[in-house]
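One structure is given below, encoded as structure tokens.
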There are 2 protein chains.
Amino acid sequence: MIAHWQALAAREVPVTPQCAPGSLRTALPSAAPEQPESLGEMLADTWKFVVPGLTHWQHPAFLGYFPTNNSPASVLAEFVTAGLGVQGMMWSTSPAATELEQVVTDWLAQALGLPEAFRHSSGRGGGVIQDSASSAVLVATAAALHRASQGRWRAAGTEGRYRMYCTERAHSSVFKGCRIAGLGEPQLIATLPGTGRMDPDALGARIDSDRKDGFVPALVVATVGTTDTCAVDPVPDIGRRCRQEDVWLHVDAAYAGSAALCPEYRHLHDGIDLADSYAVNAHKWMRTGTPCDVLWTSDSAALTDAMSIAPAYLRNAATDSGRVVDFRDWQVPLGRPMRALKLWYVMRAHGVQGLREAIRHDIGLADRLARLITAEPGFHLEVHELGLVIFRRDTDEDTRDLISRLQTDPTLLCTPATVGGRPAVRAAFGSPYADADTVRYVWERIRTHAQDPEQLSACGV
Amino acid sequence: MIAHWQALAAREVPVTPQCAPGSLRTALPSAAPEQPESLGEMLADTWKFVVPGLTHWQHPAFLGYFPTNNSPASVLAEFVTAGLGVQGMMWSTSPAATELEQVVTDWLAQALGLPEAFRHSSGRGGGVIQDSASSAVLVATAAALHRASQGRWRAAGTEGRYRMYCTERAHSSVFKGCRIAGLGEPQLIATLPGTGRMDPDALGARIDSDRKDGFVPALVVATVGTTDTCAVDPVPDIGRRCRQEDVWLHVDAAYAGSAALCPEYRHLHDGIDLADSYAVNAHKWMRTGTPCDVLWTSDSAALTDAMSIAPAYLRNAATDSGRVVDFRDWQVPLGRPMRALKLWYVMRAHGVQGLREAIRHDIGLADRLARLITAEPGFHLEVHELGLVIFRRDTDEDTRDLISRLQTDPTLLCTPATVGGRPAVRAAFGSPYADADTVRYVWERIRTHAQDPEQLSACGV
């Protein structure tokens, strides 16, 4: 495994695999073996068949999507978690699994500067580890519907009565969560011109008109760091509206939230004291392997009332005492592994200082690339926020041509984007192995693809 | 880790921890460290603070709930998965992660005798790994609503129009999924007297009357192996009704489904060809660590149409070609780790034959305990199905007394149950370390708790 990491760090393997659909399926047997095989064979086959078909998200030149981080501490914790093999659906089914999660989500809330009400120690709210920001927003939606309906929703369903609000820039998971929750499409709130940020007045007006039409406004989802351009919704103004209207405010800071570990980016959390729930993906930008989304709420009673179901086979004295947290009531699944060990190891192995340095390092790399783009004729920097850089060429045709050429280059990965209706190229830093040399390499490739593609064709790209 | 497994196998550690609520929280620092700490410190603290506060689900005398299995192959695979650190939301974001999942879910479908239509190789359906049976039923609900509404649900929500059916014996996750999906409470179908099995005529009558009342019947959830008594709904009769009525049939076989690996229990899958989706928890009874639920559908188009959302930043040539599977559209979350490696390792390390032997071994232990109970005056065997044994004493007071005493005994874990309205004790076998000696030990403890509690009090229990 360490040899694999070294090969990634040295860029000795490509980022993206060169394989056609079906190549692994045809290479493997069509039925499971009847008799046991050795673990050595499996490891060998992993590197022979599987690894060459992977896109390496930890590769320094992986700049696609938003990062999915990792670190040796995270990997070790996954091993220990798997080896212990406990199931922490309730406090009573492994007390330490639950309490460790309370401890580390409180630690992280403090490190991120979240309000006291989001900590278990407050007695009002607390954090819980979900698999993804998608699950976090779905869980928040359930809590919001429960609160907005004063409990009616649990038995009666959504009945076409409740409304959820976001902008078109919200993550796809917000739309998916709204659909899964039986609300159909969310109500789209306009953005302030040229910013991608939700217009709080437009939100207020829509809530007013929906109430007049007999709907129950239940949930607003604001985004801190949209996936397309890393735009930040004006949470303080949105939060005040939500408090006035008694509408649940969920803040999705899946990517950008981690930056608030650093005092210089703490302003990303302005207004967060007005939110009812807040989620950040530690697996995006906190050196923690996926899955590890952390959802906090300042109203855990609404959440657990929304989610709880207690058949006879789950009854136990600790739950009945009301003195413990049962995380089954903070998520969709009943069962759950011990989720907190990974975050505990990562926070200790890096220290909060180390996590801040990682964020600053990645932002520094984005700054470097942004400067190179700005200085280059024929290139236009469209977005430069935190670790995200988006750029285009002079004409859309040239940009599309560059995107196509980049997609055939296995040595780096950028993903396509659309900014202001125009095609663009998107690069987000986050690999633990990326450094200044990575930026130089990536930029040289991009520039050559754009300006002198024949040179790369000659090397078989 | 191996020393820990040896200690469990030898019963040198208790099953349940002796700790009061809050003991771990008060033992750990209230804030994360600023500076890095060593991995060695974390491992030491894990065994010092965390392990003593865990309920050991792999302990041979853990007979609570249904098992959550494990094996060295599963643990190794988690380590490799974490080390590779890829994210397989789409084929293009790690082709081998997606194709390996297609291969192993096809392998398992074949090993379980599921119909051809549930395999990716059929071109109609296929399998996907979810975190839990809870998520599986929620995903099936979305597909059912999409199909029943002919697409209307995606935009319009549930509108109070759609109905879901199950018995009161269905798992709590069925009720939770129904609630989360915005349907409120499911419609409860009566069971055939004294069996706990759904009455297909009652189901048909309810569907008829709901249609007359203007509702749209969308989904029936049948259970193969209920959590309370391991009852099996009559899937062939239910399936025929569902086909006639064009209602989606989801079969939840979370626990009992694994037994169908053995020809002598294959009848558990009778009628499964009439189901639209089917789920089994490999992490329950297939030596695979949690989370690993496998959901299959024979109508993958309905599932992916229900779930898909494709913003610009997720566009890619492979998806556009229609030649690949993108598992983001088979689940609630967008992101996902490489989920299949674990099942691949486990199926190869044990071979299908080895997995069958494990099932037979566990059922054999349940048979032993059942015989001991039957032979003992004052004890009554209530349920004996597969690896599950439920029993009571002569009077409810004696049973409650036994339950209380067992809950104070850290050397074994049975959970309380209610059968026919009467309290009972529930024991489910599944630990890889349990053997005939475990049964002897557990039975001696139970008998002594019931008949000669002073003897145990003397040893401090």
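The values are calculated or read from the model by the stated rules, or taken from the named source; none is laboratory data. Everything quoted here is computed from the prediction, not taken from an experiment. Neighbour counts run over all protein chains shown; Cβ positions are idealised from the backbone, glycine included.
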Problem set entry | Wholly enclosed helices (runs of 4 or more DSSP H) of the range A:26-141 bearing at least 3 residues facing chain B (nearest Cβ under 7 Å), modelled with pLDDT of 95 or more and out of contact with any Lys or Arg (no Cβ under 8 Å at 6 or more places or on another chain) | A:72-84, A:95-111
For this session: Look through B:Arg371, B:Arg400, B:Arg440 and report the one residue that is farther than 27 Å from A:Gly85 by Cβ, among the charged types (D, E, K, R) and free of Cβ contacts under 8 Å to residues at least 12 places away in the same chain.
Result: B:Arg371
Exercise. Among the residues of the range B:322-337, is there at least one that is assigned by TED's automatic domain parsing to the domain that holds B:Val137, in a helix (DSSP H, G or I) and touching an Asp or Glu at 6+ places or on another chain (Cβ under 6 Å)?
Worked result: no
Problem set entry | Criterion (at pLDDT 95 or above and among the basic types (Lys, Arg)) met by exactly one of A:Arg328, A:Arg315, A:Arg323 | A:Arg328
Seminar exercise, completed: Checked the range A:168-212 for anything within 13 Å of chain B (Cβ to nearest Cβ), buried (at least 20 other Cβ atoms within 10 Å of the Cβ) and either within 13 Å of A:Val232 (Cα to Cα) or of a type in the set (Ser, Thr, Tyr) (or both); matches are A:Arg169, A:Ala170, A:His171, A:Ser173
Exercise. For the range A:277-289, does any single residue satisfy the condition of being under 28 Å from A:Ala148 (Cα atoms), within 21 Å of the chain's Cα centre (by Cα) and small (Gly, Ala, Ser)?
Worked result: yes
Exercise. For the range A:1-25, how many residues are more than 8 Å from every other protein chain (Cβ to nearest Cβ) and hydroxyl-bearing (Ser, Thr, Tyr)?
Worked result: 1
Exercise. Within the range B:78-119, how many residues turn out to be of a type in the set (Ser, Thr, Tyr), touching a residue at least 24 places away in the same chain (Cβ under 8 Å) and in the same structural domain as B:Ile309 (by TED's automatic domain parsing)?
Worked result: 4
Exercise. Listed residues B:Asp246, B:Asp228, B:Asp199; which is within 30 Å of A:Met338 (Cβ to Cβ) and either β-branched (Val, Ile, Thr) or out of contact with any Pro (no Cβ under 6 Å at 6 or more places or on another chain) (or both)?
Worked result: B:Asp228
Exercise. Can you tell me which of B:Ala417, B:Ala434, B:Ala424 is in contact (Cβ under 8 Å) with a residue 60 or more places away in the chain, in the same structural domain as B:Leu54 (by TED's automatic domain parsing) and in a strand (DSSP E or B)?
Worked result: B:Ala417
Problem set entry | Filter pass, A:Asp362 being surrounded by fewer than 22 Cβ atoms within 10 Å (Cβ to Cβ) and at negative phi | no
For this session: Determine whether B:Ala117 is under 30 Å from B:Pro193 (Cα atoms) and of a type outside the set (Ser, Thr, Tyr).
Result: no
Exercise. Across the range A:405-461, what is the total count of residues that are of a type in the set (Lys, Arg), within 14 Å of another protein chain (Cβ to nearest Cβ) and more than 20 Å from A:Pro67 (Cβ to Cβ)?
Worked result: 2
Exercise. When you look at A:Asp437, is it surrounded by fewer than 19 Cβ atoms within 10 Å (Cβ to Cβ) and at pLDDT 95 or above, yes or no?
Worked result: yes
Exercise. Of everything in the range B:340-383 that's of a type in the set (Asp, Glu) and in contact with a Phe, Trp or Tyr (Cβ under 7 Å, 6 or more places away or on another chain), which residue is nearest to the other protein chains (Cβ to nearest Cβ)?
Worked result: B:Glu382
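Yes/no per residue for (1) under 30 Å from B:Cys19 (Cβ atoms); (2) surrounded by 24 or more Cβ atoms within 10 Å (Cβ to Cβ):
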{"residue": "B:Pro52", "(1), (2)": "yes, no"}
{"residue": "B:Leu63", "(1), (2)": "yes, yes"}
{"residue": "B:Pro72", "(1), (2)": "yes, no"}
{"residue": "B:Thr98", "(1), (2)": "no, yes"}
{"residue": "B:Ala143", "(1), (2)": "no, yes"}
{"residue": "B:His146", "(1), (2)": "no, no"}
{"residue": "B:Gly157", "(1), (2)": "no, yes"}
Exercise. If you check B:Ser321 against the conditions, is it free of Cβ contacts under 8 Å to residues at least 12 places away in the same chain, of a type in the set (Gly, Ala, Ser) and surrounded by fewer than 24 Cβ atoms within 10 Å (Cβ to Cβ)?
Worked result: yes
For this session: Please verify whether the range B:376-398 includes one or more residues that are at pLDDT below 95 and either more than 23 Å from B:Gln455 (Cα to Cα) or not in a helix (DSSP H, G or I) (or both).
Result: no
Seminar exercise, completed: Going through the range B:404-451 in order, the residues found to be within 18 Å of B:Ala370 (Cβ to Cβ) and among the small types (Gly, Ala, Ser) are B:Ala417, B:Gly420, B:Ala424, B:Ala427, B:Ala428, B:Gly430, B:Ser431, B:Ala434, B:Ala436, B:Ala450
For this session: Run down A:His283, A:His269 and say which single residue is at the interface with chain B (Cβ under 9 Å from one of its Cβ atoms) and within 30 Å of A:Ala366 (Cα to Cα).
Result: A:His283
Exercise. Going by the structure shown, is B:Thr415 among the hydroxyl-bearing types (Ser, Thr, Tyr) and either over 22 Å from A:Thr93 (Cα atoms) or over 25 Å from the mean Cα position of the chain (by Cα) (or both)?
Worked result: no
Exercise. Under the condition of being facing chain A (nearest Cβ under 7 Å) and within 22 Å of the chain's Cα centre (by Cα), which residue from the range B:308-333 is nearest to B:Ser92 (Cα to Cα)?
Worked result: B:Pro333
Exercise. Pairs under 6 Å by beta carbon, first residue in contact (Cβ under 8 Å) with a residue 24 or more places away in the chain in the range A:42-54, partner surrounded by fewer than 18 Cβ atoms within 10 Å (Cβ to Cβ), six or more apart or different chains?
Worked result: A:Phe49/A:Ala27; A:Gly53/A:Cys19
Exercise. When B:Leu456 is evaluated against the numbered criteria (1) touching a Phe, Trp or Tyr at 6+ places or on another chain (Cβ under 8 Å); (2) modelled with pLDDT under 95, which criterion, by number, is the only one it fails?
Worked result: (1)
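Here is a yes/no grid of residues against (1) surrounded by fewer than 24 Cβ atoms within 10 Å (Cβ to Cβ); (2) in contact with a helix residue (DSSP H, G or I) (Cβ under 8 Å, 6 or more places away or on another chain); (3) at pLDDT 95 or above:
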{"residue": "A:Val221", "(1), (2), (3)": "no, yes, yes"}
{"residue": "A:Asp228", "(1), (2), (3)": "yes, yes, no"}
{"residue": "A:Val232", "(1), (2), (3)": "yes, yes, yes"}
{"residue": "A:Arg243", "(1), (2), (3)": "yes, yes, yes"}
{"residue": "A:Trp248", "(1), (2), (3)": "no, yes, yes"}
{"residue": "A:Val251", "(1), (2), (3)": "no, yes, yes"}
{"residue": "A:Ala256", "(1), (2), (3)": "no, yes, yes"}
{"residue": "A:Tyr265", "(1), (2), (3)": "yes, yes, yes"}
